[in-house]
Amino acid sequence: MKRHPSRSVLRQMQDEPGAVAEQERDHVAACATCQRRSEVMATAASAAASVLDEGTLDGSAVDPLPALRRLRSTEPGVVAPKPTLVDRLRRRIEFAHRRALRAGAVLAVIAATMGTLVATGVASDIIKIFQPETFVAVTIDITSLGTFPDLTGYGSVKVLQTPHVTTATSLAGAASASGLHLLVPGKLPSEVKGQPEFDVMSAGSASFTFSRTAASGTADKLGTTLPALPGGLDGSSLTLNAGPVVVETVGSQRSLDPFSLPSTPTSTSGPAEPKGSHGLLGGLGGIPQLVIVQMKAPVLYSDGPSVVQYEDALLSMPGIPPSLASQLKALGDPSSTLPIPIPTSLASAHSADINGAPGLVIGDTTGIASGVIWQSHGLVFAVAGSLTDRQVVAIARSMR
Amino acid sequence: MLDRAMEAQIAMSVPVSDVSMPPSMVQVFESLFVAEYARVVGIANRVLADRAEAEDVAQEVFLDFHRHHSPAAPYAPAWLRRAAWHRALNRVRGRRRRERREQLDAAGARDDAWSSDPQRIAERNYDRERVRSAMRKLPPRAAGVLALRYSGLSYAEVAEAMGIGVGQVGTVLRRAEARLKREVES
């Protein structure tokens, strides 16, 4: 074997020689260059081990049982209580939530995909469905969305509680209006200038009822046939409770209207901006310098079909791009993951740690536009703007 | 941020019971706790060089996991290990907390078997600060790979906890060790 193994392989060979191919081990045994490289690595490893040795746990073994007792005293839910009738009922509902959340992940992609259309100005009326734990990018070829139907192609959408948007000019005002304990970013990049302004959306609720008739009509329009549906899906409903939401805007482009909802300015100063004309980020050329979103994590409820039934049925619906369906099926834990559609030709995504919480960063180093979204303790946060990906992550991490 | 967020949750009256688990899941959680606790403490201790503080970090990590994740989630061990590294690193980077703790140490206020010997206290504080200082200076990814690997995780486990490929672990580890060596020698 003439080619030298990579330095990564050389390093692993020192710790896990069995994990390295025999061919490469033989090469190293006979190669002076590789042996020199290995020695340099071993020296650095030895120095590191010497420094880190203080972090070795001392002689007494770590006993998890006292620690578990300590945790139980902090968190009563860790102890298995005798469930009351009310408890059992509540848990059944919670289990239904979890099943629904998985289905919600599927629906969320559909809704969020249309959110992409909002950002590009194609659609204007959409319900966004969020998922409260982690966020994962799924790539979408936007050219495949030309015939992608909205939710009304599969059933009916009904607003149960209409959220209202008010404006505020101070953090305290926004906190008071929303009931949220709002976090504040640390030092902002020098290019972000201006006084922050706040949009506050009250809690809202909407339901989606699946309809075989509507789905068949969509299939006909797309020139396909409706796949077999599981029993109970036709007529079943998903209900989403969302909000309150606070959107803080810093910079010249003020008119952020993330939910395309009516704006009803109240006691705060200044007139309301025109609504609905700028899409999610204000439209091209209208990206604010900085936007910070803080919201209570939404919850999605189901009144019937199981998660598996929803997932299988929805992913087999006509109009769902096969590549999107396969990405969704490959998600590790749809019950706790919100897929975010990323148009392959417009943006890229990667993960980042936000003070211990996994965040999804969308954007790049150009500074044209970037954003990061993460969840912590039942709240969903997002930071976005005409900044680089590093800048939005730094702002996110500075929020206290 | 996490503390504020937790306060925010409380302020919003979101009861912990909203995310409590049924009895069977409690058992799954406790099994996970027993299986992973020592590992989580070990990772945190690699960063903190302080057993008591590492156990505090482990409590926070498991509490956070319990409140927001299913104990049956396939990513549970990787999540816990990653969180242990992050939270421990956040602690060594929190200057006020560190200074307060060092003051307590200096005053001999901690319940520590070494506390009866001032010279040993000084030596131990020096060694502890050497580890913490090194971890502070390193990029988070470098500090993480060292904490994970030197607490005994395999390359595959390190890769899973860091969200990188197994083939990248050697590279990240090698660079972190070289960087640490430079930091110590400078």
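Derivation of every value follows stated rules applied to the coordinates shown; laboratory data play no part. Not measured: the values here are computed from a predicted model. Reconstructed Cβ throughout: ideal geometry from the backbone, glycine too, with neighbour counts over all protein chains shown.
Between A:Ser46 and A:Arg212, what is 0.36 nm times their sequence separation minus the Cα-Cα distance? Round to one decimal in nm.
Once the chain is fully extended between A:Ser46 and A:Arg212, it gains 53.1 nm.
For A:Glu39 and A:Lys193, what is the calculated FRET efficiency with R₀ set at 45 Å and r taken between the beta-carbons, to the nearest 0.05?
Working: r = 54 Å, r/R0 = 1.20.
The pair A:Glu39/A:Lys193 has a calculated efficiency of 0.25.
Spelling out what I want: for every residue of the range A:370-385, take phi, set θ = phi - 60°, compute 6.51 cos²θ - 1.76 cosθ + 1.60 (Karplus), and round to whole Hz; glycine and proline get x.
8, x, 9, 10, 8, 10, 8, 6, x, 10, 10, 10, 8, 10, 8, x
Which value, to two decimals, describes the C-alpha radius of gyration of the range A:164-208 once divided by 2.2 N^0.38 Å?
Relative to the rule-of-thumb radius for its length, the range A:164-208 sits at 1.44.
How far apart, in nanometres, would the label points at A:Ala30 and B:Arg93 be if each is projected 7 angstrom from Cα along the Cα-to-Cβ direction?
Inter-label distance under the simple model: 4.7 nm.
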